[in-house]
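J.: Quick one: the structure is below, questions incoming.
The values are calculated or read from the model by the stated rules, or taken from the named source; none is laboratory data. Just so it is clear, the model here is predicted, and its values are computed rather than measured. No Cβ is skipped: glycine too gets one built from the backbone with ideal geometry, and neighbour counts run over all protein chains shown.
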4 protein chains.
Amino acid sequence: MKLSEDSIIFLIQCPDQRGLVASISNFFFQRSFNILSCKQYSDLLTGKYFMRIELSLKDLRSSRKQLEEEFTDFGKPLELSWSVRYTDESQRMAILVSKTSHCLYDLLLRWKEDEIPCDIPLIISNHPKLESVADQFKIPFHCLPVSAETKPEQEAEIRKLLKAHHIDLVVLARYMQVLSPDFVQEYDGRIINIHHAFLPAFQGANPYQRAYERGVKMIGATAHYATEDLDEGPIIEQDVQRVVHEETPDELKQIGRDVERIVLSRAVQAHLERRIIISGRRTIIFKR
Amino acid sequence: MKLSEDSIIFLIQCPDQRGLVASISNFFFQRSFNILSCKQYSDLLTGKYFMRIELSLKDLRSSRKQLEEEFTDFGKPLELSWSVRYTDESQRMAILVSKTSHCLYDLLLRWKEDEIPCDIPLIISNHPKLESVADQFKIPFHCLPVSAETKPEQEAEIRKLLKAHHIDLVVLARYMQVLSPDFVQEYDGRIINIHHAFLPAFQGANPYQRAYERGVKMIGATAHYATEDLDEGPIIEQDVQRVVHEETPDELKQIGRDVERIVLSRAVQAHLERRIIISGRRTIIFKR
Amino acid sequence: MKLSEDSIIFLIQCPDQRGLVASISNFFFQRSFNILSCKQYSDLLTGKYFMRIELSLKDLRSSRKQLEEEFTDFGKPLELSWSVRYTDESQRMAILVSKTSHCLYDLLLRWKEDEIPCDIPLIISNHPKLESVADQFKIPFHCLPVSAETKPEQEAEIRKLLKAHHIDLVVLARYMQVLSPDFVQEYDGRIINIHHAFLPAFQGANPYQRAYERGVKMIGATAHYATEDLDEGPIIEQDVQRVVHEETPDELKQIGRDVERIVLSRAVQAHLERRIIISGRRTIIFKR
Amino acid sequence: MKLSEDSIIFLIQCPDQRGLVASISNFFFQRSFNILSCKQYSDLLTGKYFMRIELSLKDLRSSRKQLEEEFTDFGKPLELSWSVRYTDESQRMAILVSKTSHCLYDLLLRWKEDEIPCDIPLIISNHPKLESVADQFKIPFHCLPVSAETKPEQEAEIRKLLKAHHIDLVVLARYMQVLSPDFVQEYDGRIINIHHAFLPAFQGANPYQRAYERGVKMIGATAHYATEDLDEGPIIEQDVQRVVHEETPDELKQIGRDVERIVLSRAVQAHLERRIIISGRRTIIFKR
């Protein structure tokens, strides 16, 4: 539910146990909170419990720090892992691109339409080509070309920029460079990548060419969190489009662009709206 | 979640108000219930609140009657409307058909595969054609041919049969007869019909022919609760299939059959799994 | 098939008759043409025959005028209706908009990516809001505000602009004004409109609100040729997206935007690639 | 186009060359044939040309043998590979199954509804479980249980049965045994298998379990021609269904059943309607 009013969103996971809904909802009821939305999921296979609870921010009677301390104390005996977000505090997203513009444009257009709730303080690229797109939307553009030798220092430069701008979420919008394990670990669960195939099919390079050669009847795209193993991170969103034998690899690419941009934007939106909990290689995605 | 263990399912609706989750979950926690699943929805436009809560039946410490009386008392100040179902009590479904078999077969096959949790004590038709299908699945078949004159008495006969067999749900699986307002009212919210078009497009007769003439690029089907106004009842499920100019009305019919049977079966399944709350002309469908 | 080489495209319709493929393909074979693609469709219900034939332009041994005269003579006994296009002659498209930008952006981005083969000499709006979008893509923007009194003269102004710029195709990209019958007739088969619903469902105003109230489980969009009767013209393309009870009318609008822009762009592309033949209220759409 | 009248269907492939449409259509025009449908595809990447041409059988003025001899002579200089089918000659299909019934039922129901144009003289299984299904449709059922030792002799038995019944097409409707290379070669291009995943993802065993563990957001099924390498044969049809984190592996299986049966039936239908040409690892599928 897209709310005009500001809210507090808790994402919680813990071992499943009797009375969780009652005790968590009581915690907030005793503090006079109105629950705007409460979604949960008990994974019967692993015995884990997941909850997303959204509260009206205007009901907050204490400081944010105090609320969090009280919830920490409350959560200890239940072994809760949790995070909280206040929607009046802006989130900061950086977009990394190379030469293709369709995913970048899609993110920027949705951001302008207020579909994606964040600030975008910078766009980083290893290539100058998309500077004009950044200019159109008045977002600073940093060009950091990468060669085999300069790769480590340029990545260090990127990380410095992300830190300087207090970036919460890094989106790889068809950024064609592999990131170092260090980088990925530092932003664990905060880097979203788009792969132009229906994973786990066609991992790696040239998926459309390989899809053509294999003669598949649908092509797809996958948005996932980046992990050290390329294309192996937890999947956030996927979609496909039907194709026919007449379509050449170039036409598959064009058809695929529409799938890629929608899949990436949906994933970014779900992340920024705090609707995702990562659980091992799987993601729990709560509907809005 | 399809559970092997038996459960108690409450469907609840009421005016939205502070503390609902806490107080309802507390009610069950105090009675030592484990909550298997709890889904809710606050309709911010109408101020209504909806909940589906599923409890482990083996946790029940009192009689069913006592639980219901206590919940009645508990619910009064909150203005709860609710119903309850115990999954160890079987539900009884009647299927009404005419001459086309695809929806009937689909229901019976899923029923045999235990995808549809119910008993099917009888199939009723206004035509003898599908008797052999009923025989295949060893279900009693009642043929009640309808003419303009015999319609009222045959409908009375149908209602007598439904009553005699304690039918909970009536499924119109391409039963081509309009039911009387009395009949529909008696089984309010318990008759599911399949319309072979994407409602509200092509209400009424011959939808595939009209879809062909209008040149639509997708055809669909709609499962809905029957109400007095034909094809105007609350929609449960819809789906579509892409078509092209080459397809004749007869081919649209064939393609449509696949959509119809899946849409109807999904709707029946959602109803029997107690995942639907009707709210005016809309339905709240909780995911399994 | 997206070809790098230039081609000649004939769109043909006529009464179905023995030997059509042989005689038409012979006509071109005798003139040493290589047939790049030849698609046909015999409508057995109406006895009509439709063909799209694409030839290599570099095989043309005569003047274009002479080819067309010879084909006219050839076609008379077969009662052919036909049109021809040479892909080295640019097509000129005007876009009419009001205040919403998503369809406009989608067209402009695809145009920049060379997915839409045309020139766009102007964008016309009844509102100044989208001027900055036109500026981003360096396309002249004409703002012609419309009131009840000024409507006829402003429409005359639009038609003057279209004529001055030799416009071949007018795209109504969420242009919220009804056009006069005269205008529509002048550009018969050359005005494409996007309606934000799955026609024939929810014709007219506020389709998303009405879709919400009716409780449909999918929302759609329809691109069609404009005719005098609003929303009754031949359908070119449709698509839908699944929705759930939780989505508010505003969220349906947001979801619908993605469907609208893809549906409109596909329709414009099919038109400009000369893959559409209009036949009464239906369209024959040849695959690329 | 599903025709009530009988027809002759040629499937043709050859090197692409100038004048193919003209010369092939002339061949049939000179013999007074009415062309009911003519579909073609030029693969610009490989320089290959494919055609499906359907003629009215009642126009045949010579013997079938003579037509075929004349076409052989005609085709030699053009290097045509081709096959022909007369729709008044029945095709004979065998279905191989193990224990799951959903694909078998779907094929049999469509066969009864005349959607699948063939005779089904036998069903073979390595397990007695589905005998009652075969009985329902009055089709002889052969149970040939397979163990590690008996596998070769039982496969020999199967091949004897297929030969004795002059089988044209073998459908593996969830037959859980790998066939020997000899068997596959003998029925090259005439064995259709259904794999319960979106190939090339999740080749091999337990695809639903692995899809669950990988956390994919859609599950699929693939119908393909059997080749020596398991799950590597030319793909005929694929489809997917969206799933969410709440669905257990068992529920994925249930959802997948609907995808499998539709995908397999579409593939069988396309094969029997002679709408498929195999080209290496790819298939050309002409629309009806």
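J.: Step by step: first the residues of the range B:136-164, then only those that are basic (K, R) and part of a helix (DSSP H, G or I), then the one that is modelled with the lowest pLDDT. Which residue is that?
T.: Residues of the range B:136-164 that are basic (K, R), as a first pass: B:138, B:151, B:159-160, B:163.
Applying the additional criterion that residues be part of a helix (DSSP H, G or I) yields B:151, B:159-160, B:163.
Numbers: B:K151: 91, B:R159: 97, B:K160: 97, B:K163: 98.
Per the stated criteria, the residue is B:K151.
J.: Is there any pair linking a residue in the range B:142-166 that is more than 18 Å from B:K99 (Cβ to Cβ) to one that is among the charged types (D, E, K, R), with Cβ under 7 Å and at least six apart or on different chains, and which?
T.: Note: pairs meeting the criteria are B:H165/B:R92; B:H166/B:R92.
J.: Provide a single number: the residues in the range B:215-255 that are crowded, with 17+ Cβ neighbours inside 10 Å and farther than 26 Å from D:S265 by Cβ.
T.: Qualifying residue count for the region: 9.
J.: Restricted to the range D:175-206, and to residues that are under 14 Å from the mean Cα position of the chain (by Cα) and part of a loop (DSSP other than H, G, I, E, B), which residue is farthest from A:P200 (Cα to Cα)? Don't jump to the end; show me each part of the working.
T.: Looking only at the range D:175-206, we keep the residues that are under 14 Å from the mean Cα position of the chain (by Cα), and these are D:184, D:187-195.
Now restrict to residues that are part of a loop (DSSP other than H, G, I, E, B): D:187-190.
Working: D:Y187: 31, D:D188: 29, D:G189: 28, D:R190: 29 Å.
The qualifying residue farthest from A:P200 (Cα to Cα) is D:Y187.
J.: Still on this structure, I have one more. Here are the criteria: (1) in a loop (DSSP other than H, G, I, E, B); (2) touching a residue at least 24 places away in the same chain (Cβ under 8 Å). Tell me which single one C:A211 does not satisfy.
T.: That leaves (1) as the condition not met.
J.: If a residue counts only when it is within 14 Å of chain C (Cβ to nearest Cβ), which strands (runs of 3 or more DSSP E) contained entirely in the range D:1-119 have at least 2 such residues?
T.: On the way: elements: D:7-15, D:35-43, D:48-56, D:81-86, D:92-97.
It comes to D:7-15, D:35-43, D:48-56.
J.: Could you go through the range C:79-94 and let me know if any residue there is crowded, with 20+ Cβ neighbours inside 10 Å, within 30 Å of C:H196 (Cβ to Cβ) and out of contact with any His (no Cβ under 8 Å at 6 or more places or on another chain). Break it down stepwise before answering.
T.: Taking the range C:79-94 and keeping what is crowded, with 20+ Cβ neighbours inside 10 Å, we get C:93-94.
Still in the list and also within 30 Å of C:H196 (Cβ to Cβ): C:93-94.
Checking which are out of contact with any His (no Cβ under 8 Å at 6 or more places or on another chain) leaves us with C:93.
The answer is yes, given that some residue of the range C:79-94 is crowded, with 20+ Cβ neighbours inside 10 Å, within 30 Å of C:H196 (Cβ to Cβ) and out of contact with any His (no Cβ under 8 Å at 6 or more places or on another chain).
J.: Quick one: in the range C:239-288, of everything that is assigned to a loop (DSSP other than H, G, I, E, B) and of a type in the set (A, V, I, L, M), which residue is farthest from the other protein chains (Cβ to nearest Cβ)?
T.: First, pick out the residues of the range C:239-288 that are assigned to a loop (DSSP other than H, G, I, E, B): C:243-248, C:273-275, C:280-281, C:286-288.
Among the residues that remain, those that are also of a type in the set (A, V, I, L, M) are: C:243-244.
Numbers: C:V243: 10, C:V244: 7 Å.
The qualifying residue farthest from the other protein chains (Cβ to nearest Cβ) is C:V243.
J.: Continuing with the same structure: Quick check, is C:I167 of a type in the set (A, V, I, L, M), surrounded by 16 or more Cβ atoms within 10 Å (Cβ to Cβ) and not in a loop (DSSP other than H, G, I, E, B)? Outline the logic, then answer.
T.: On the way: of a type in the set (A, V, I, L, M): yes; surrounded by 16 or more Cβ atoms within 10 Å (Cβ to Cβ): yes; not in a loop (DSSP other than H, G, I, E, B): no.
So C:I167 does not fit the description; no.
J.: For C:F27, work out the one condition from (1) free of Cβ contacts under 8 Å to residues at least 12 places away in the same chain; (2) closer than 27 Å to D:I53 by Cβ it doesn't fulfil.
T.: Condition not satisfied by C:F27: (1).
J.: Here's a follow-up. Residue check: is C:Y225 within 10 Å of chain B (Cβ to nearest Cβ) and of a type outside the set (G, A, S)? So that I can check it myself, show each step before the final result.
T.: Values: within 10 Å of chain B (Cβ to nearest Cβ): no; of a type outside the set (G, A, S): yes.
Considered against the rule, which asks whether it is within 10 Å of chain B (Cβ to nearest Cβ) and of a type outside the set (G, A, S), C:Y225 comes out as no.
J.: Looking at the range B:176-198 only, could you name the residues that are surrounded by fewer than 22 Cβ atoms within 10 Å (Cβ to Cβ), touching a strand residue (DSSP E or B) at 6+ places or on another chain (Cβ under 6 Å) and either aromatic (F, W, Y) or outside the structural domain of B:P145 (by TED's automatic domain parsing) (or both)?
T.: Result: B:Y187, single match.
J.: Pick out the one residue from D:T100, D:T87, D:T72 that is β-branched (V, I, T) and touching a Ser or Thr at 6+ places or on another chain (Cβ under 6 Å).
T.: On the way: D:T100 fails: touching a Ser or Thr at 6+ places or on another chain (Cβ under 6 Å); D:T72 fails: touching a Ser or Thr at 6+ places or on another chain (Cβ under 6 Å).
The unique qualifying residue is D:T87.
J.: So, one more: List every residue pair whose Cβ atoms sit under 7 Å apart, with the two residues 6 or more apart in sequence or on different chains, where the first one lies in the range B:190-207 and is at the interface with another protein chain (Cβ under 9 Å from one of its Cβ atoms) and the second, anywhere, is part of a loop (DSSP other than H, G, I, E, B) and among the aromatic types (F, W, Y).
T.: Matching pairs, first to second residue: B:F198/C:F198; B:A201/C:F198.
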